[in-house]
Amino acid sequence: MLIAAADPRLHRHAPQPVAAGDGLRFERFPRAAYTACAGRIGPLANLRSSTGCALTFATDSPWIELRLERLRHHQPIPQSLALEVFIDGAWQGIEGPDLRDREGDTVVRLPTGRERGTGAGPCIIWMPPISTVVISGITLVEGSALAPWSPPAPRWLAIGDSLTQGYSCMSPLQTWPHRLMRRWDLPVWNLGVGGIGIEPDAFAWALERTRYDLVTIGLGSNQAWRTQDLDETEVRAQRMIALALSGGHGRVVWILPPWKPCEDGKGPPEFMGVPLDRATGDRVRAVRGILERVTASYAPHLTVVGDLLPHDHRWYQDGLHPSAFGFAHYADAMAAALGRP
């Protein structure tokens with residue numbers, strides 16, 4: 001039973017409006033964000049990724065096939081879709097296959113654990129963290145029920161770079177915001193953008209549009225790659241904090257850049273052509289020091305969190321990003337630092 005992407009029973013869960021014609025593609029950011037990142041190839045590509053976006057509905061179909069077009073990957077790491085189904089009072093996750101060796105048009109089948117005739121239950125199909133897709137529709141088992149269902153509105157805004165976006169996570173269920181969303185029962189918009197620095201203009205729209213119970217800001221690491229960016233760290237951080245604190249949000253948290261192996265002369269010598277040498281390590285420490293000083297001046301209105309990962313280069317396979325296991329540890333450390341928001 002083929003259901004077109006434009007079917008009104010399919011809900012498009014994304015921070016930006018989704019126009020469904022012959023197919024639909026999720027958008028997280030408005031045009032202003034692309035302007036703010038002009039000239040930065042990495043962030044521009046990752047702005048287009050579908051991290052934290054999903055197609056939602058209710059069905060009793062034993063399996064779902066998601067029909068994809070124009071699948072495109074922005075980084076050479078494994079990527080997958082994931083399905084969550086609400087069964088017996090809890091969300092159950094089903095992760096799809098690695099899509100990294102596929103591009104263009106493809107079909108992904110995911111089992112739901114349901115049986116026809118037992119009542120349509122909520123389903124969420126999460127998009128890959130570091131890829132873009134166009135959805136042409138879904139296929140259900142013939143005779144299955146299909147009804148509209150949408151998740152609660154997000155109450156947490158997660159702003160950040162690749163660590164928030166979920167770089168090196170194959171599954172969208174492995175990112176630390178998703179892990180804590182389920183643990184805290186706190187729906188989240190993941191606005192992580194790999195490679196982005198402290199760019200207030202890229203996130204101002206989100207901070208001003210809605211009041212959130214929690215805002216987390218995990219920016220700063222990418223200020224360390226160039227001396228001119230390092231020199232702008234303080235003024236950019238001050239503007240970012242002012243934007244966040246002026247929005248009437250329940251709690252605002254700045255997550256300091258984590259330790260990186262290059263600070264101690266360990267790990268691989270480069271990442272995607274960017275040197276990870278002692279000079280880079282020195283700039284990382286300098287950025288962290290600037291942010292520690294700036295954020296401290298906003299206490300108690302701003303919560304500051306740091307040291308969420310062990311200072312052990314074996315946790316960073318590429319010199320900058322932890323594995324999925326590392327992200328699980330990151331989520332645990334964040335939960336311990338914040339308690340229950």
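In bins 5 Å wide, starting from 0, what share of all Cα pairs of segment 156-338 does each bin hold, as a percent?
Pair shares across the bins are 1, 8, 18, 22, 21, 16, 9, 3, 0.
How many nm separate the modelled label positions at Arg278 and Asp231, each set 7 Å beyond the Cα in the direction of the Cβ?
Rounded to a tenth, the inter-label distance reads 2.4 nm.
For Phe271, list long-range residues whose amide hydrogen, built 1.01 Å from N in the peptide plane, is under 5 Å from its own amide hydrogen.
Leu276
Give me the log10 of I(q) over I(0) for the chain at q = 0.12 Å⁻¹, as the Debye formula computes it from C-alpha points; what are the numbers?
So the normalised log intensities are -0.83.
Counting pairs of alpha carbon atoms under 8 Å apart in space and at least six apart in sequence, what relative contact order in percent does segment 156-338 give?
Working: 328 pairs, mean separation 44.5, N = 183.
Here the relative contact order equals 24 percent.
Can you give me the distance in nm between label points at Ala286 and Val304, each placed 7 Å from the Cα along the Cα-to-Cβ direction?
That separation, rounded to one decimal, is 1.9 nm.
Can you work out the Karplus-derived ³J(HN,Hα) for every residue in segment 96-102? Use 6.51 cos²θ - 1.76 cosθ + 1.60 with θ = phi - 60°, whole Hz, and x for glycine or proline.
x, x, 5, 9, 4, 8, 10
In debye to the nearest 20, how big a dipole does segment 156-338 give about its Cα centre with +1 on each Lys and Arg Cβ and -1 on each Asp and Glu Cβ?
Value, rounded to 20: 340 debye.
Can you give the charge dipole size of the chain about its Cα centre, rounded to the nearest 20 debye, using +1 on the beta carbon of Lys and Arg and -1 on the beta carbon of Asp and Glu?
Roughly 460 debye for the chain.
How much mean residue ellipticity at 222 nm does the chain get from its helices, if each DSSP H run of length 4 or more adds -39500 (n - 2.57) and you divide by all residues, to the nearest 500 deg cm²/dmol? List each step's numbers first, then the result.
On the way: 9 runs with 88 residues, N = 341.
That calculation yields -7500 deg cm²/dmol at 222 nm.
Which order do the peptides 4-16, 294-306, 191-203 take when ranked by the mean count of other beta-carbon atoms within 10 Å per residue, highest first?
Those peptides, ordered most packed to least, come out 191-203, 4-16, 294-306.
Per residue of segment 133-144, what does 6.51 cos²θ - 1.76 cosθ + 1.60 with θ = phi - 60° give for ³J(HN,Hα)? Whole Hz please, x for Gly and Pro, Karplus curve as stated.
Values, residue by residue: 9, 10, 9, 8, x, 10, 10, 10, 4, 3, x, 6 Hz.
Search the structure for amide H atoms under 5 Å from the amide H of Leu81, placed 1.01 Å from N in the peptide plane, and list their residues when 5 or more places away or on another chain.
Hits under the 5 Å cutoff: Gly96.
Using amide H atoms built in the peptide plane, which far-off residues or other-chain residues are under 5 Å from Trp63 H to H?
Thr112, Val141
Sorted by mean Cβ packing within 10 Å, highest first, what order do the peptides 124-134, 307-317, 322-332 take?
Answer by packing, highest mean first, reads 124-134, 322-332, 307-317.
Computed from the coordinates by the stated procedures, all read-outs in this text should not be read as laboratory data. Keep in mind that what you see is a predicted model, and the values were worked out from it rather than measured. Because the Cβ atoms are built from the backbone with ideal geometry, glycine has one as well, and the counts that use them run over all protein chains shown.
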